[in-house]
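The values are calculated or read from the model by the stated rules, or taken from the named source; none is laboratory data. Small disclaimer: the values here were computed from a predicted structure and weren't measured. Backbone-built Cβ (ideal geometry, glycine too); neighbour counts: all protein chains shown.
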Amino acid sequence: MHVRVPDRAAAVEWYCEHLGFELIEAERFWADGIDGGPVQLTADGGRTAIAVFAGSDWLPPVPLTAGIAFTLELEPFVEFARSLPGPLERNHGEPLLPEHLIDFDLCFAYDFVDPWGNRFEINCRDHAGVRAALLVDDGIEPVRYWPASAYEAWNDRAD
């Protein structure tokens, strides 16, 4: 995934501090040896990465409006939710809060932006586990973008 920002060093620091990314040392040559090359970051031991590019005249720092989604296991997802509010903001510039949890029926998610307007989502597909931890134990009422009946009707079509 490619992310373009006006200040690559500041973005790398922000992604590492706030999203738990780390530099992929084996791919450092992209940033150090190639003019305009990206810094490669990972949060899962290198299985997936984001390439952070500094914006330039030929590659302007245009924010990703479609977004990048990352799937977390139950424990880190619940830990993330319980750490809110923190330094992350929603797309509207307001702080990301636990109650901004989105129920997508197949997963739960949080949407937020980085300081440069790039959109991100973290989600967890352990629907029952998130429900038990955050809805039942913590009393969070999630946001829904469509009625649960839409998923139920789709799911019932095979019967």
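Here are the numbers for the structure shown:
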read-out	value
Unmet requirement for residue 110, which otherwise passes all of (1) closer than 25 Å to residue 41 by Cβ; (2) surrounded by 18 or more Cβ atoms within 10 Å (Cβ to Cβ); (3) touching a Cys at 6+ places or on another chain (Cβ under 6 Å)	(3)
Looking only at the stretch 133-156, and only at residues there that are surrounded by 14 or more Cβ atoms within 10 Å (Cβ to Cβ) and part of a helix (DSSP H, G or I), the one that is farthest from the chain's Cα centre (by Cα)	151
Sole exception among (1) of a type outside the set (A, V, I, L, M, F, W, C); (2) more than 30 Å from residue 153 (Cα to Cα); (3) surrounded by 12 or more Cβ atoms within 10 Å (Cβ to Cβ) for residue 71, by number	(2)
Filtered residue count, the stretch 56-79, keeping only those that are farther than 23 Å from residue 90 by Cβ and modelled with pLDDT under 80	5
Residue 157 among the basic types (Lys, Arg), at pLDDT 95 or above and over 26 Å from residue 17 (Cβ atoms)	no
Residues within the stretch 1-34 that are among the charged types (D, E, K, R) and within 25 Å of residue 71 (Cβ to Cβ), tallied	6
Yes/no for residue 3 being in a strand (DSSP E or B) and in contact (Cβ under 8 Å) with a residue 60 or more places away in the chain	yes
Any hit, the stretch 20-34, residues being part of a helix (DSSP H, G or I), among the acidic types (Asp, Glu) and under 17 Å from the mean Cα position of the chain (by Cα)	no
The listed residue being without any contact (Cβ under 8 Å) to a residue 40 or more places away in the chain and either of a type in the set (A, V, I, L, M) or touching a Ser or Thr at 6+ places or on another chain (Cβ under 7 Å) (or both), out of 109, 128	128
Sole exception among (1) part of a loop (DSSP other than H, G, I, E, B); (2) in the same structural domain as residue 11 (by TED's automatic domain parsing) for residue 41, by number	(1)
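Table: residues versus (1) closer than 27 Å to residue 86 by Cα; (2) at pLDDT 90 or above.
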{"site": "9", "(1), (2)": "yes, yes"}
{"site": "17", "(1), (2)": "yes, yes"}
{"site": "34", "(1), (2)": "no, no"}
{"site": "44", "(1), (2)": "yes, no"}
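The rows are residues; the columns are (1) under 15 Å from the mean Cα position of the chain (by Cα); (2) hydrophobic (A, V, I, L, M, F, W, C); (3) under 30 Å from residue 150 (Cα atoms); (4) assigned to a helix (DSSP H, G or I).
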position	(1), (2), (3), (4)
16	yes, yes, no, yes
45	no, no, no, no
65	yes, no, yes, no
106	no, yes, yes, no
116	yes, yes, no, no
121	yes, no, yes, no
